[in-house]
Amino acid sequence: MSRVNVMKPWLGEAEVDAVAEVIRSGWIAQGPRVAAFEEAFATRMQAEHAVAVSSCTTGLHLALVVAGVGPGDEVVVPSFSFIATANAVAYVGATPVFADVDPVTGNLTAETVEAVVTSRTKAVVAVDQGGVPLDFVPLRALLDPREIVVVEDAACAAGSTYRGRPVGAGADIAAWSFHPRKILTTGEGGMVTTAHADWAQRARRLREHAMSVSAADRHVSAVPVAEEYLEVGFNYRMTDIQAAVGLVQLTRLDEAVARRRELAQSYRDAFADVPGLRCVQDPPDGTTNVQSFWVELDPTFPMTRDELLAHLAERDVSARRGIMAAHRQPAYAGMRHAPLPVTERLTDSTLILPVFHEMTADETRRVVDAVLDAARVAV
């Protein structure tokens, strides 16, 4: 019996053909496909500007740089997130300050952020965790009067919605991931979207060593161009090969989200009457793309989270621990933070079940049966 994977990227012949076309063109570095992908992504996400980068982590780094965050500043982040969220703050020399999250969505709230904001707070990095859209309006209502920038970490959220619009549409600046575990993938890669033209312009320069003239513009110039390097920049470029894949993936985003939401509902229906097990749901003001389908176990469930993971593995079902707690990692040992009881509970009691576009009815049934078998185990 083959293993049921926790995730598989949805890639096909259209992506193969798109990559082959780029290779035949002879232009494989950052070029016309990147520009086309930026334009298409901005349109799809209702963003004013989009800047393609090498990863969401580099996108978060650039977002903080162009927002003016630096040494001496504090940036509020959730500990309940992949380590890159906090790392991006460290890259700019600022101090990450960990805040707790909502027990249902796993996202920062205005209340959890307000508990840790100080006079040194320059920005908040708010995550749409696992694709669940955060409640953005109350957060902006708290932070805008204090002139605190909100950077939306939308790494997992392509295809999620908030108040009828794509996630990130109301953000000053947002960062996105196209890692293979994401619904929209380019292998590696990311995007920065922003409403600020000056931030987008600077991000474009910084991703390319802060050159005054882009490599693409130099290439098409009829005369040699002597570029200048206006500040210390980075090499955060996306290739045309990646962008070509992204353009195809973007056309299938709605279909991919619909399929994942269908699979998620089948899980919710199957587990509706299981004591001690809670499934992730849509929040009141949005819809999730089901980037990850996670469940929380309470003490009445017959197994601990780790015991359930082992039980699933024995049945060739690949699952994963839930979202990590960054404040528990050695890299951030001793970092000041508020009490994080919800973060620690969710980190210890959640797991991610398999969801991917081409998941079969038999694979879904195997996952459901394995979890229901665990729920019937005698205490």
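Kindly state, to the nearest 0.05, the FRET efficiency for residue 14 paired with residue 119, given R0 = 56 Å and r defined as their beta-carbon distance. The partial results should precede the final answer.
On the way: r = 52 Å, r/R0 = 0.93.
E between residue 14 and residue 119, to the nearest 0.05, is 0.60.
Out of residues 5 or more away from residue 97 or on other chains, whose amide H comes under 5 Å of its own, with H placed 1.01 Å from N in the peptide plane?
75, 76, 77
Whose amide H sits under 5 Å from the amide H of residue 190, counting only residues 5 or more places off or on another chain, with H placed in the peptide plane?
Residues meeting the amide H criterion: 53, 54, 55, 178.
Residue by residue through the range 347-358, what is 3J(HN,Hα) from phi via Karplus (6.51 cos²θ - 1.76 cosθ + 1.60, θ = phi - 60°)? Round to whole Hz and write x for glycine and proline.
Once θ is set to phi - 60°, the couplings for the range 347-358 become 4, 8, 10, 10, 9, 9, 9, x, 8, 7, 4, 9 Hz.
When the Karplus curve 6.51 cos²θ - 1.76 cosθ + 1.60 is applied with θ = phi - 60°, which whole-Hz ³J(HN,Hα) does each residue of the range 42-54 get, with x for Gly and Pro?
4, 5, 5, 9, 6, 10, 6, 9, 9, 10, 6, 9, 7
Just to verify a number: FRET efficiency for residue 201 and residue 29, C-beta to C-beta distance, R0 = 30 Å, to 0.05?
Values: r = 20 Å, r/R0 = 0.68.
So the FRET efficiency works out to roughly 0.90.
Taking θ as phi - 60°, what are the ³J(HN,Hα) couplings along the range 8-22 by the Karplus curve (6.51, -1.76, 1.60), each to the nearest whole Hz, with x for Gly and Pro?
9, x, 9, 10, x, 5, 4, 5, 4, 5, 5, 5, 4, 5, 5
Would you pull out the residues with amide H under 5 Å of residue 208's amide H, same chain only if 5 or more places away, H placed 1.01 Å from N?
Here 234, 236 satisfy the definition.
Could you do me a favour and compute the accessible area per residue for the chain, 1.4 Å probe, result in Å²?
Values: 15860 Å² over 379 residues.
Result: 42 Å² per residue.
Calculate, in nm to one decimal, what residue 360 and residue 188 gain on full extension: separation in residues at 0.36 nm each, minus their alpha carbon distance.
So the chain would gain 59.3 nm between residue 360 and residue 188.
Antiparallel DSSP bridges in the chain: what percent, to the nearest 5? Kindly include the intermediate steps, with their values, before the conclusion.
Values: 26 of 44 bridges.
Percentage antiparallel, nearest 5: 60.
When the helices in the chain are scored as -39500 (n - 2.57) per DSSP H run of 4 or longer and the sum is shared across all residues, what 222 nm value do you end up with, to the nearest 500 deg cm²/dmol?
Rounded to the nearest 500, it is -11000 deg cm²/dmol.
Rounded, prolate or oblate: which fits the chain, taking a ≥ b ≥ c as square roots of the Cα gyration tensor eigenvalues, rounded meaning a/c under 1.5, else prolate when a/b beats b/c?
oblate
Would you work out if the range 71-134 is rounded, prolate or oblate? Take a ≥ b ≥ c from the square roots of the eigenvalues of the alpha-carbon gyration tensor; rounded if a/c is under 1.5, else prolate when a/b is larger than b/c, oblate otherwise.
It is oblate, given that a/c is not under 1.5 and a/b is not larger than b/c.
Considering only 299, 309, 168, whose Cα is most displaced toward the positive end of the charge dipole of the chain, charges sitting on Cβ of Lys, Arg (+1) and Asp, Glu (-1)?
It is 309, whose Cα lies furthest towards the positive end.
Please report, as a whole percent, how much of the solvent-accessible surface of the chain comes from carbon and sulfur atoms (probe radius 1.4 Å).
Heavy-atom surface of the chain belonging to carbon and sulfur, 1.4 Å probe: 54 percent.
Based on Cα coordinates alone, diagonalise the gyration tensor for the range 104-233, multiply each eigenvalue by 5, take square roots, and list the semi-axes in whole Å, largest first. List each step's numbers first, then the result.
Values: eigenvalues 213, 76, 27 Å².
Its equivalent ellipsoid spans semi-axes of 33, 20, 12 Å.
Round to the nearest 0.05 the FRET efficiency obtained for residue 83 and residue 163 when R0 = 45 Å and r is the Cβ-Cβ distance.
0.90
Ranked highest first by the average count of other Cβ atoms within 10 Å around their residues, in what order do 312-323, 137-148 fall? Could you put the intermediate results ahead of the total?
Numbers: 312-323: 18.0, 137-148: 14.6.
Highest-to-lowest ranking by the protection proxy: 312-323, 137-148.
Would you kindly find the accessible area of residue 290, with a 1.4 Å probe and non-protein molecules such as ligands, DNA and RNA excluded, rounding to the nearest 10 Å²?
Accessible area of residue 290: about 0 Å².
Select from 83, 68, 28 the residue farthest towards the positive end of the dipole of the range 1-90; place +1 on Cβ of Lys and Arg, -1 on Cβ of Asp and Glu, and compute about the Cα centre.
83
Along the charge dipole of the chain, which of 97, 197, 112 sits closest to the positive end, that is, farthest toward it, with unit charges on the beta carbon of Lys, Arg, Asp and Glu (+1, +1, -1, -1)?
Ranked along the dipole, the leading option is 97.
To the nearest 20 Debye, how big is the dipole of the range 70-223 about its Cα centre, given +1 on the beta carbon of each Lys and Arg and -1 on that of each Asp and Glu?
Taking the Cα centre of the range 70-223 as origin, the dipole is about 520 debye.
With charges only on Cβ, +1 for K and R and -1 for D and E, what is the dipole size of the chain about its Cα centre, in debye, rounded to 20?
Result for the chain is approximately 340 debye, rounded to the nearest 20.
Can you give me the C-alpha center-to-center distance between the range 124-189 and the range 6-72, rounded to a whole angstrom?
A separation of 16 Å, based on Cα centres.
The values are calculated or read from the model by the stated rules, or taken from the named source; none is laboratory data. Model, not experiment: these values are computed from the prediction. Ideal geometry is used to build each Cβ from the backbone, glycine not excepted, and the neighbour counts take in all protein chains shown. Quick note on the areas: whole protein, heavy atoms, side chains included, nothing else; ligands and nucleic acids left out. Shrake-Rupley method; radii C 1.70, N 1.55, O 1.52, S 1.80 Å.
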